[in-house]
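S.K.: First, the structure itself, so that you have it in front of you.
The values are calculated or read from the model by the stated rules, or taken from the named source; none is laboratory data. Remember, it's a predicted structure, so these values are computed and weren't measured experimentally. No Cβ is skipped: glycine too gets one built from the backbone with ideal geometry, and neighbour counts run over all protein chains shown. With ligands, DNA and RNA removed, areas are computed over all heavy atoms of the protein, side chains included. Shrake-Rupley method; radii C 1.70, N 1.55, O 1.52, S 1.80 Å.
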Amino acid sequence: MSYGAPDRVPCFEEGIREGVLDTWRKQGLRADMSLSQLFHFDRREEIVVDLDPRPKLEKYPSSRSELDTFRQRLDPFDQGRIPKDWTERVHAWRNRDHVLMLRIHRGFFLTMGVQDWRRFREVIYLLSDDPVFIREAMTIQGEFAAKLTELLLKHVEIDAAVFGEPIGGNDRPLISPKMYEEFVLTSYEPILSVLRQYKVETIILLTYANTRALIPSIMKYGFNCLWAGEVNQETMDYRNIRREFGRDLRLIGGIDLDVLRSDRESIRREIEKKVPSLIADGGYVPLADGRVRTDVPFQNYVYYRQLLEKAAQR
């Protein structure tokens, strides 16, 4: 991500769940064998912190008069927000040789408590009917996350900060770039300031579906890495994104997960047409663009990882 000269490009694991492994054991994966015995995986660890209101809200606020409770339940000094074995982990991380990331924001809709269509509809109306409320709610979350980030970074050095942003539909983001800047990115400023203070070089937007229209905005505010999942490949093709936005925007992912459900020839074409050129250009970690599930045949996954390892080592 620093455009240096590494011995190889990292190969991360997709976060495969036990249910998928159970299915693959019926398709040829030996019961006594793990995936790490079959393939090389570079270890990637995330610091998991609780970013939700504590205790949980029975109902998320819908007006400015309800924001005091929201603020009170976002206490960055609450020790329940960090891992119970925090001191031991901090000590171990001082000698680590793997990638360590911090997930420090859940994005607009989750911050606003969107868990179903009713709340989604309410929040969309509030963007128009009470923009001051939306701005204040996002500011509260941003200031809380900034204080929590600073408390953590006083003790541990990280390689990247990750902002989750489930905000895209299949054809476009669910709010406009202008509104995204006004309500969301401005609320991130306190966090981004802390990250700059502690010299965190890689700031990742982890997003889904089609968020291409937001890329100029996120870059303007200091994000320098895109990790897009479950995308429409026509609009979010990483080769086109690299051509348009250049090497200032690093990339993680980009391999169409759908081809892993297809056949070996489709997998080979996908890897060969995308991965070598992006690796050669730098600032790119190849990975499937979504979670691998039980509809991906085991032998397809084996073939995909073998091709990926060869491309990364070259």
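S.K.: Tally time: how many residues in the stretch 2-50 are of a type in the set (Ser, Thr, Tyr) and under 23 Å from the mean Cα position of the chain (by Cα)?
M.R.: Pass one, the stretch 2-50, residues of a type in the set (Ser, Thr, Tyr): 2-3, 23, 34, 36.
If we keep only those that are under 23 Å from the mean Cα position of the chain (by Cα) as well, we get 2-3, 36.
Matching residues across the stretch 2-50 total 3.
S.K.: For residues in the stretch 2-37 being of a type in the set (D, E, K, R) and within 30 Å of GLY246 (Cβ to Cβ), which is least open to solvent (accessible area, probe 1.4 Å)?
M.R.: Ranking the candidates gives GLU14 first.
S.K.: VAL162 passes all but one of (1) of a type in the set (A, V, I, L, M, F, W, C); (2) touching a helix residue (DSSP H, G or I) at 6+ places or on another chain (Cβ under 9 Å); (3) within 18 Å of HIS105 (Cα to Cα); which number fails?
M.R.: Condition (2) is where VAL162 drops out.
S.K.: Given ASN210, ASN240, which one is open to solvent by 40 Å² or more (accessible area, probe 1.4 Å) and polar (S, T, N, Q)?
M.R.: On inspection, the qualifying residue turns out to be ASN240.
S.K.: Having 3 or more residues that are within 20 Å of the chain's Cα centre (by Cα) and modelled with pLDDT of 95 or more is the bar; report the helices (runs of 4 or more DSSP H) wholly within the stretch 61-169 that clear it.
M.R.: Passing ranges, in order: 108-111, 131-153.
S.K.: Moving on to the next point. Report, by residue number, each residue of the stretch 267-283 that is on the phi > 0 side of the Ramachandran plot and in contact with a helix residue (DSSP H, G or I) (Cβ under 6 Å, 6 or more places away or on another chain).
M.R.: Kept after step one, since they are on the phi > 0 side of the Ramachandran plot, are these residues of the stretch 267-283: 282-283.
Result: GLY283, single match.
S.K.: Of all residues in the stretch 38-47 being within 23 Å of VAL162 (Cβ to Cβ) and not in a loop (DSSP other than H, G, I, E, B), which is most open to solvent (accessible area, probe 1.4 Å)?
M.R.: That would be ARG44.
S.K.: Can you tell me which residue in the stretch 299-314 is modelled with the lowest pLDDT, limited to those that are within 23 Å of THR23 (Cβ to Cβ) and open to solvent by 10 Å² or more (accessible area, probe 1.4 Å)?
M.R.: GLU309
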